[in-house]
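The values are calculated or read from the model by the stated rules, or taken from the named source; none is laboratory data. All of these numbers come straight from a predicted model, not from anything done at the bench. Neighbour counts run over all protein chains shown; Cβ positions are idealised from the backbone, glycine included. The protein model used for the area step is the full one, side chains on, heavy atoms only, and it has no ligands, DNA or RNA in it. Shrake-Rupley method; radii C 1.70, N 1.55, O 1.52, S 1.80 Å.
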Amino acid sequence: MTKEEKYAALLPAAESLSSGDEDVIARMANLAALLHSEFGFWWTGFYRVCDGGDGKVLVLGPFQGPVACTRIRFGKGVCGTAWAEDRTVVVPDVDKFPGHIACSSESRSEIVVPVRSNGRIVAVLDIDSRDLGTFDDTDARWLEKVAECIYG
Ligand code: SME
């Protein structure tokens with residue numbers, strides 16, 4: 001099965017899981033589990049935009065994989081960059097991304113996709129791979145559709 005076919009098969013499951021409960025944390029938890037188990041990624045999870053006391057910050061949400069850093073500031077790392085630049089960020093080699101935050105030394109490539117509610121970024125979906133160059137435009141396109149399930 002190609003990557004494209006795998007995502008096409010997964011999207012209806014993602015939509016149905018999300019419509020099963022209106023709580024966004026429950027939705028994020030099941031979508032992280034679905035993606036992680038189907039694709040065998042190294043780390044799959046969400047960071048939510050929260051009030052950090054002295055401003056907004058990304059705080060660790062539902063995820064699958066090894067323990068991770070809990071807070072990421074606006075513009076920092078791959079996650080903070082996707083948030084600040086309001087776009088999906090594909091990183092073929094994390095060692096070549098200035099400011100990459102290494103929660104795990106095993107991670108080699110990464111993709112971060114914004115999660116929007118009423119057009120505003122309220123979370124990001126972050127996926128790490130232990131291989132170089134795992135993610136491309138196909139992943140970006142499909143994962144953006146998966147991310148839309150959260151508040152859709
Ligand atoms: N690498 C991310 C940090 C989160 S972990 O990958 C789970 C970043 O640079 O934002």
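Could you calculate the contour length gain from ASN118 to ARG141, that is, 0.36 nm times the residue separation minus the distance between their Cα atoms, to one decimal place in nm? Present the calculation step by step, with values, prior to reporting the outcome.
Details: separation 23, 0.36 × 23 = 8.28 nm, distance 1.93 nm.
My answer for the length gained is 6.4 nm.
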Residues of region 1-49: accessible area per residue with a 1.4 Å probe, Å² = 49 Å²
key: Sulfur and carbon atoms: percent of accessible area, region 37-152 [1.4 Å]   = 46 percent
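Report the full-extension gain for the segment ARG71 to ALA8: residue separation times 0.36 nm, less the Cα-Cα distance, to one decimal in nm. Could you put the intermediate results ahead of the total?
Working: separation 63, 0.36 × 63 = 22.68 nm, distance 3.23 nm.
Difference between extended and current length: 19.5 nm.
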message = Sort 144-151, 2-9 by packing, meaning the average of other beta carbons within 10 Å per residue, with the highest value first.
response = 144-151, 2-9
key: Dimensions (Å) - the chain, Cα atoms, principal axes, largest first   = 38, 33, 26
ask   = Over what distance in Å are the Cα centres of region 1-21 and region 53-125 separated?
value = 23 Å
key: Rg followed by Dmax, in Å, when region 91-140 is reduced to its Cα trace   = 11.9, 36
inquiry  = Can you bin every Cα-Cα distance in region 1-63 into 10 Å intervals starting at zero and give me the percent of pairs per bin, rounded to whole numbers?
reply    = 20, 42, 28, 9, 1
note = In a Gaussian network model of the chain with springs linking alpha carbons closer than 10 Å, the residue among LEU58, LEU11, LEU125 that fluctuates most is LEU11
Charge dipole of region 22-131 about the Cα centre (unit charges at C-beta), most positive-ward option of VAL124, PHE39, MET28 = VAL124
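Can you run the Rg to Rh ratio on region 42-128? Use alpha carbon positions and the Kirkwood inverse-distance Rh.
Details: Rg = 11.9 Å, Rh = 12.7 Å.
On the Cα set of region 42-128, Rg over Rh gives 0.93.
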